[in-house]
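One structure is given below, encoded as structure tokens.
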């Protein structure tokens, strides 16, 4: 059986349905050329990531948008990225202590939110860090297409991950801004990655950017998790109506 | 010839990443503001570029969907458009990487939106795709200037080439 380049790419990116994936794996066992094509694509993907990431991390000069916005820019920066979810292709699982250590870091990053209200919280279930309170509420209820500029949580991209869960990026506009990506986990949201981001500019003339730039580590987590298209406004509303459960 | 297109695919991803970073920092109302260019706004121009790349990639690979109208908005929100753009640029780069020199020279048959059949060498199609991107990125750069952005970051190929020396 021969496979198109698109299929090979989709396999290497983990985007095939179960039946096609099984067919590719069966063919790979007896076809070294196919295995080599897949390995080549995986290598290319990593190489492209190395090209994108420095550009995504480039700070924009402060004065660049000053005239257009009447204010200094909110800039995200890389660093302090905490990735909590194992990569889909790996076969090992996180030990419990790893989740506890990760939750401490998450706690530090989310400290301003946790301090503000006693109902905010983080929990660990089956080695996963789950959120509750304001962040969980925003992830469940807020639509990117209708959210207000003063919302404490700004939701970015919504999409489906390789294992079928709905995931959403978010930015917390606190004194210490935090950006991250979380995926639906039964009735809760599981944190996949978190990173510190510079807070939005404050004071007179503050504005809501068209898209809060996500730290490169978060962009990369999205790229590794996403299957298919990001949800558009209609699909986002439909997913919310289903309680963020698969169609 | 292949090395040239591999570089152009890399440049395309690099320039789009820079452009989307500048677009994302704009206030939302300016990002959507009609400034009188062909696709009206930055929002319209960036959506058009993703759409036309998908049309050409569909013609070249037979895979992927796209709306028929050239001014269709694929993603209303910039964050989602950006995520889709990153994926598309990876797809284009992977496709270019998969081609051999003889395949670049090969004549390819495709139909335009109204069904008219055409024939072109693959390398001519790719030249058009990358040139079209640059053309509209130039408009996007001008939109940033019109909106009052002081000296938008350069999107010149030369800048990327010098950065990577």
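Taking the number of other C-beta atoms within 10 Å as the exposure measure, put B:69, B:40 in order starting with the fewest. Walk me through the numbers before you get to the answer.
Numbers: B:69 9, B:40 16.
So the residues, fewest neighbours to most, are B:69, B:40.
For helix B:42-61, what angle does its Cα long axis make with the longest principal axis of chain B, in degrees from 0 to 90 and rounded to 10?
The answer is roughly 10 degrees.
For residue A:15 and residue A:50 in one chain, what is 0.36 nm times their gap in residues minus the Cα-Cα distance, to one decimal in nm? Provide the component values of the computation, followed by the final result.
On the way: separation 35, 0.36 × 35 = 12.60 nm, distance 2.12 nm.
Computed gain between residue A:15 and residue A:50 is 10.5 nm.
Rounding to the nearest 10 and keeping the result within 0 to 90°, find how far the Cα-based axis of helix B:122-146 lies from the longest principal axis of chain B.
0
How crowded by other chains is B:9-21, given as the mean number of beta carbons from other chains within 10 Å of each beta carbon?
Values: counts 2, 4, 1, 0, 4, 4, 1, 2, 10, 4, 1, 5, 10.
Per residue, the average neighbour count from other chains is 4.
Please work out the C-alpha center-to-center distance from the stretch B:1-40 to the stretch B:43-100 and express it in whole Å.
12
For the stretch A:5-55, what does the convex hull of the Cα positions come to per residue, in cubic angstrom?
Working: hull volume 3.4 nm³, N = 51.
Hull volume normalised by residue count: 66 Å³.
Mind checking B:117-128 for the average number of partner chain beta-carbons within 10 Å of each residue's beta-carbon? Intermediate values should be presented prior to the final figure.
Working: counts 0, 0, 0, 0, 0, 0, 0, 0, 0, 0, 0, 0.
That works out to 0 on average.
Which shape class, rounded, prolate or oblate, goes with chain B when its Cα gyration tensor gives a ≥ b ≥ c as root eigenvalues, a/c under 1.5 marks rounded, and past that a/b bigger than b/c marks prolate?
On the way: a/c = 2.14, a/b = 1.38, b/c = 1.55.
Here chain B falls in the oblate category.
What average number of partner chain Cβ atoms lie no more than 10 Å from the Cβ of the residues making up B:82-91?
On the way: counts 10, 13, 7, 0, 9, 7, 0, 3, 9, 4.
Across B:82-91, the average partner-chain Cβ count within 10 Å equals 6.
From Cα pairs below 8 angstrom and at least 6 apart in sequence, can you work out the relative contact order of chain B, rounded to a whole percent? Write out the running numbers ahead of the final one.
Working: 152 pairs, mean separation 51.0, N = 165.
Averaging sequence separation for qualifying contacts and normalising by length gives 31 percent for chain B.
Within the stretch B:24-53, which residues have the backbone N less than 14 Å from the label spot 7 Å out from residue B:114 along Cα→beta-carbon, could you tell me?
Under 14 Å, as judged by backbone N against the label point of residue B:114, lies no residue of the stretch B:24-53.
Under a crude label model (7 Å from the Cα following the beta-carbon direction), how far is residue B:37 from residue A:186 in nanometres?
If labels sit at residue B:37 and residue A:186, their model points lie 5.0 nm apart.
All of the numbers you see were taken from the coordinates with simple rules; none came from a lab. Because the structure is a prediction, the values reported are computed rather than measured. Virtual Cβ from ideal backbone geometry, glycine too; neighbours counted across all protein chains shown.
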